[in-house]
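K.L.:
Could you have a look at this structure, given as structure tokens, before my questions?
The values are calculated or read from the model by the stated rules, or taken from the named source; none is laboratory data. Predicted model, so just to flag it, every value in this text is computed and none were measured. We place every Cβ from the backbone using ideal geometry, glycine too, and count neighbours over all the protein chains shown. Just so you know, the surface numbers come from the protein's heavy atoms only, side chains and all, with ligands and any DNA or RNA stripped out. Shrake-Rupley method; radii C 1.70, N 1.55, O 1.52, S 1.80 Å.
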Amino acid sequence: MDIRERIIVALDFPNMDTALECAGRLNGSAKYVKVGMQLYYAAGPKIIEVLKKEGFKIFLDLKVHDIPNTAKGAMQSLGELGVDMVNVHAAGGLAMMQAAFEGLNKGAARSGVSPLLIAVTQLTSTTKEMMNGELGIEGSIEDCVVRYARLAKEAGLSGVVASPLEVQAIKEACGKEFITVTPGIRPLGSDIGDQKRMTTPDQAFTLGSDYIVIGRPITGAQDPHTAMEEIVRSVNHE
């Protein structure tokens, strides 16, 4: 697989016009983009339609987390959009993930596209102190992530969202074919922002990440196309 199909560019913009302007400036160097809450809530399904017409694969990152029946209905609606990847929160539990998977399959039958369904384990902005003290979850982040990954696999999901630092443990617990999508990626010299558990793109792939998600270092660059190509070269060791 072309490395460009494994680098998902996060279009974290407040409206469709700015998102599409950035997508256009990528000049074909990016093949996979992420549409998150801010953009989707502002632009709705129209942004998916337009990006698809431009030839992009789309990870719709809405992190569904609700009672099983509501999650099922939400995923059925999202499955009809023709996106390539969607997600839920693993913290919703086994029954919710199973219901979401069922709903997604119903929606996908109408769109003709079967998206990958993955589960968020712990956000890359979460620290052990936060998880233990604020969320009330005991143990290490890796223990929690692996437990959630096993639940996601039991529910029939294709993989999880996690930090690259947990990828090896996830693969050991769930198998090499279980997909890992890893945000918290920052090229050398980039501002770390609100990320806590992060790596460089090259480190993430070395650790076994199947896909990496990068936003501001590309979309906030003066020339997003050049920024993307520099990351590709760093990963390919060119």
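K.L.:
Lys63's amide H: which non-local residues (gap 5+, or another chain) put their own amide H closer than 5 Å, with H modeled 1.01 Å from N in plane and none for Pro or chain starts?
P.N.:
Amide H neighbours of Lys63: Asn87.
K.L.:
For the chain, modelled as a Gaussian network with Cα springs under 10 Å, which listed residue fluctuates most, Pro14, Pro224, Pro164?
P.N.:
Pro14
K.L.:
Report, in listed order, any pair from Lys31/Lys176; Lys72/Lys128; Lys34/Lys153; Lys53/Lys171 with a Cα-Cα distance greater than 26 Å.
P.N.:
Lys72/Lys128; Lys53/Lys171
K.L.:
Please work out whether the chain counts as rounded, prolate or oblate from its C-alpha gyration tensor, where a ≥ b ≥ c are the square roots of the eigenvalues and a/c under 1.5 means rounded, while otherwise a/b larger than b/c means prolate and anything else oblate?
P.N.:
oblate
K.L.:
Could you grab the relative contact order for the range 115-161? Cα pairs under 8 Å, six or more apart, rounded to a whole percent.
P.N.:
Relative contact order for the range 115-161 comes out at 56 percent.
K.L.:
I'd like to check one number: the per residue accessible area of the chain, probe 1.4 Å, reported in Å² as a whole number.
P.N.:
Accessible surface, normalised per residue, equals 45 Å².
K.L.:
Can you tell me the relative contact order of the chain? Whole percent, Cα pairs under 8 Å, sequence separation 6 or more.
P.N.:
Relative CO of the chain lands at 18 percent.
K.L.:
From the helices alone, meaning DSSP H stretches of at least four residues, give me the mean residue ellipticity at 222 nm for the chain, per-run term -39500 (n - 2.57), in deg cm²/dmol to the nearest 500.
P.N.:
-13000 deg cm²/dmol
K.L.:
On to the next question. Quick one: how many Å² of Glu229 are accessible to a 1.4 Å probe, rounded to 10?
P.N.:
30 Å²
K.L.:
Just how far, in whole angstrom, is the range 18-68 from the range 84-128 if you go by their alpha carbon centroids?
P.N.:
Each part reduced to its Cα centre gives a spacing of 17 Å.
K.L.:
Which of Gly44, Gly79, Gly93 moves the most in a Gaussian network model of the chain with Cα springs under 10 Å?
P.N.:
The residue that fluctuates most here is Gly44.
K.L.:
Follow-up. Kindly provide the trypsin sites (Lys or Arg not before Pro) of the range 1-69 that DSSP labels as loop, not H, G, I, E or B, and whose Cβ sees at most 14 other Cβ atoms within 10 Å.
P.N.:
none
K.L.:
Can I ask one more? Got a sec? What order do Asp61, Asp202 fall in by accessible area at 1.4 Å, biggest, i.e. largest, first?
P.N.:
Heavy-atom accessible area, descending, gives Asp202, Asp61.
K.L.:
Would you mind telling me the share, in percent, of accessible area of the chain contributed by carbon and sulfur at probe 1.4 angstrom?
P.N.:
Carbon-and-sulfur percentage of accessible area, whole number: 49.
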